[in-house]
Amino acid sequence: MQKQDRSERRLSCCVLPAHVTSSDMTAIAPVVIPPPPPLVPLPLVHDSAPVAGVSLSEVLAAMSRALDMTEGEEAGHTVRTCIIGMRIAEELDLSAFDRVALYGAMLLKDAGCSGNSQVVADVLKVSEPPRRRRLSLRRRAASAIPSRQQLSRGERGERIALRLGFSTATAEAIRGIDEHWDGSGRPDSLIGHEIPLFSRIILLAQTVDAFLSRHGLPAAMRVARERSGAWFDPSLVRIVRSWREEGGWWARLHSPDATAIALSLEPPQHTRYVDDKGLDEVARAFAEIIDSKSPFTYQHSTNVAKYARAVAYELGFARDDVRRLNRAALLHDVGKLGISSRILDKAGPLTPEERAEMQRHPVFTWEILQGVSAFAGFARTASLHHERLDGSGYPWGVRAEDLDVPARILCVADMYEALTANRPYRAGLGRETALKIIRQGSGKHVCPVAAEALTEATRHLKVSLDG
Ligand SMILES: [Fe+2]
Ligand SMILES: [Fe+2]
């Protein structure tokens, strides 16, 4: 292997080392992973009907698994929080209008849970020449990055909720979920009833669930009592603690039916249905959440989608197939929400164990997307983005015969973005250099048709769904 810049050896999913081929990855320590996704052929052109009448809540409840991963909570945390919060709403006799706003806020409560994209955007805006700015970028990034504590997840979640068309009441509820009754919270240090009621409900419900899931009901009741008047609205704590003898009700929160129970609690006649454009917007919103998780992936998913769309049009894909590939590209790294930021943001080379953990993210992508009915059709394509024609990719080592055209396009789009994008620790490569590197693998681990189409497509990028 040629001598490399240490920063380029970081085997992050989205930071491809310039001189490392995927065959180098075969030396990675074995890690137990689930079997590859079922090999459902995805035809280049087909006559699938546009999606219509999909419940937005159903999509968000299914996608909340990704948000649970980001927060390090057990699967189902969001829907359990939803069930607890809706029971509080029932006991408060909230109007249907209020319950709709609360319900949406609970499904999206962690939409802002990852994020430093704006910080990174500011870092990358400097206008020094690339070579001279590399060290400067690295230093700026080191001081600017993370601290999720410095940034309000509520503010980020508020923006995403508004983008998805939720009401200002929902958005404000999300903004205030880290406010504390005694004024010690964020982002606005509101006190008592200054805090939106929905925010107070969500904070209590999510905390109770977190303790319930990890330590059991007595611990959950204890934390509610101990933080009453400090974090929590005392009147809401009294309501929740009044259920402490209802073991059967609490047990249902961890039943396989929890998601169905949560969905049944959406106020009737207020279900929002989304069409194809709405699903595109959901995919874009989650791409923003994914890209916000690490400063090393600023705008990665949206850029991969742009390149994948351009290649697809170059190859004559029909519009519906471009749309499907666009969503797959936007969500291909959703599994990274399940990878620790300690690994994603590590400045130096990854250890074999860390690398093995990082290489699990396509498995998480598969597990998340195949559980979302509206997205299951492209879950396989999205989860194969690190596989290579010669079987040297990861995590499944899938070979050429099982990599369909959309998956091959996604591979080259992902590689091209990783090579050309500016990162806090290095400037992106130029188009010609990046394409040269990709074409070096053409016919070996990279699909030659996709590589050539990428070359043509990047001459005249077409970025919209309409070409
Ligand atoms: Fe990836
Ligand atoms: Fe990626």
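Where a number appears in this text, it was derived from the coordinates with a stated rule and is not lab data. Model, not experiment: these values are computed from the prediction. Cβ atoms come from the backbone with ideal geometry, glycine included; neighbour counts cover every protein chain shown.
Percent of Cα-Cα pairs per 5 Å bin, from 0 to the last occupied bin, for the stretch 360-467, please list those.
2, 12, 19, 21, 19, 17, 8, 1
Given points 7 Å out from each Cα along the Cα-Cβ axis, report the R214 to E401 separation in nanometres with one decimal.
Calculated label separation equals 4.8 nm.
Counting Lys and Arg as +1 and Asp and Glu as -1, what is the net charge of the other residues whose Cβ lies under 15 Å from the Cβ of E281?
+3
Expressed as a rounded percentage, what relative contact order does the stretch 327-467 have, with Cα pairs under 8 Å and six or more residues apart?
17
Ranked highest first by the average count of other Cβ atoms within 10 Å around their residues, in what order do 288-297, 163-172 fall?
Final packing ranking: 288-297, 163-172.
Report the rotationally averaged projected area of the stretch 342-404 based on its alpha-carbon convex hull, in square nanometres.
5.0
Report, in listed order, any pair from K293/K436; K346/K444; K109/K277; K277/K436; K109/K336; K277/K346 with a Cα-Cα distance greater than 27 Å.
Going by Cα-Cα distance, K293/K436; K346/K444; K277/K436; K277/K346 fall outside the 27 Å limit.
If you take every residue apart from F317 with its C-beta less than 11 Å away from the C-beta of F317, what net charge results, scoring Lys and Arg +1 and Asp and Glu -1?
+1
Mind running the shape call on the stretch 183-293? Use the C-alpha gyration tensor, a ≥ b ≥ c as the square roots of the eigenvalues: rounded below 1.5 for a/c, prolate if a/b tops b/c, oblate otherwise.
In terms of gyration-tensor shape, oblate.
For the stretch 414-461, calculate the relative contact order in percent as a whole number, restricting contacts to Cα pairs under 8 Å that are 6 or more residues apart.
Computed value for the stretch 414-461: 24 percent relative contact order.
Modelled label-to-label distance, T168 and D275, 7 Å Cα→beta-carbon offset: nm?
2.8
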